[in-house]
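The values are calculated or read from the model by the stated rules, or taken from the named source; none is laboratory data. These figures come from a predicted structure and were not determined experimentally. Positions of Cβ are backbone-derived with ideal geometry, glycine not excepted, and every protein chain shown enters the neighbour counts.
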């Protein structure tokens, strides 16, 4: 299948030219207890393809919690640094799976790993990643920051800053940020808009504190939406659908 590539201008009504989408590893499990659900991976890949077709430059960071979580490994007695490195390798597995799904759909994709493994993907090189996106390729950043003790949320905020992204999107299980877990608390209320400091002060746990702080320093808005709602990613790019935006303004 011919792959989509080449520079394009965003379609009318598109709010952002370059974005980074953060997806948790757990979001790719579907109804499984472990690993990847190919149907879910393909559905997320379709969401990404739809946004690429709008002329938006897209990069991704995918967590590894569906395979291994460093914090849980450390809690069971494993050295934290070693556990985190295993978790980083899990993100590479997820990244390669997403790359395969995207390329089957004709979307040119590159995986760049913070831990060099040249036999399976490119090393992370900032200027090369930017060039890939300028050519219309999806870039998936794997292996977190390459350092233990940092989450993939922090990696997402870091890469979004390095790439000069206009927005950081967090694809979650629900359609925004709530006062409490809406799956557990029936009367939980959804926020339309939040400030960075408000998220930290209320301990809303959208992303970890270092990721929120880095996004604030880089003036990158964070948009939280449901990755499982068909068409939601493209809708958010056009300012439609349900999502919560986190930026400096709270009014």
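Among the residues of segment 162-177, write down those that are surrounded by fewer than 18 Cβ atoms within 10 Å (Cβ to Cβ) and closer than 17 Å to residue 226 by Cβ.
If the condition is that a residue be surrounded by fewer than 18 Cβ atoms within 10 Å (Cβ to Cβ) and closer than 17 Å to residue 226 by Cβ, then 173 is the only one that fits.
For residues in segment 32-49 being over 16 Å from the mean Cα position of the chain (by Cα) and outside any loop (DSSP other than H, G, I, E, B), which is nearest to residue 232 (Cα to Cα)?
Only one residue tops the list, namely 39.
Please specify each residue of segment 115-132 satisfying the condition of being within 17 Å of residue 158 (Cβ to Cβ) and either buried (at least 20 other Cβ atoms within 10 Å of the Cβ) or modelled with pLDDT under 95 (or both).
Taking segment 115-132 first, the residues within 17 Å of residue 158 (Cβ to Cβ) are 115, 123-130.
Listed by number, the residues that qualify are 124, 129.
Those residues that are in contact with a helix residue (DSSP H, G or I) (Cβ under 7 Å, 6 or more places away or on another chain) and free of Cβ contacts under 8 Å to residues at least 60 places away in the same chain, I need them from segment 50-73; list them, please.
Those that are in contact with a helix residue (DSSP H, G or I) (Cβ under 7 Å, 6 or more places away or on another chain) and free of Cβ contacts under 8 Å to residues at least 60 places away in the same chain: 65, 66, 67, 68, 69, 73.
Condition check: surrounded by 15 or more Cβ atoms within 10 Å (Cβ to Cβ), within 17 Å of the chain's Cα centre (by Cα) and closer than 28 Å to residue 80 by Cα. Does residue 143 satisfy that? So that I can check it myself, show each step before the final result.
On the way: surrounded by 15 or more Cβ atoms within 10 Å (Cβ to Cβ): yes; within 17 Å of the chain's Cα centre (by Cα): yes; closer than 28 Å to residue 80 by Cα: yes.
Yes.
Going through segment 66-83 one residue at a time, which ones are buried (at least 23 other Cβ atoms within 10 Å of the Cβ) and in a helix (DSSP H, G or I)?
Within segment 66-83, the subset buried (at least 23 other Cβ atoms within 10 Å of the Cβ) is 66, 70.
Hit for segment 66-83 is 70, nothing else.
Determine whether residue 45 is surrounded by 17 or more Cβ atoms within 10 Å (Cβ to Cβ) and modelled with pLDDT under 95.
Details: surrounded by 17 or more Cβ atoms within 10 Å (Cβ to Cβ): yes; modelled with pLDDT under 95: no.
Criteria not met by residue 45.
Taking the residues in segment 187-212 that are in contact (Cβ under 8 Å) with a residue 24 or more places away in the chain and assigned to a helix (DSSP H, G or I) as candidates, determine which candidate is nearest to the chain's Cα centre (by Cα). Reasoning before the result, please.
Within segment 187-212, the first condition is being in contact (Cβ under 8 Å) with a residue 24 or more places away in the chain, and the residues that meet it are 190-196, 198-199, 204, 206-208, 210-212.
If we keep only those that are assigned to a helix (DSSP H, G or I) too, we end up with 196, 198-199, 210-212.
Working: 196: 18, 198: 22, 199: 19, 210: 16, 211: 12, 212: 14 Å.
The qualifying residue nearest to the chain's Cα centre (by Cα) is 211.
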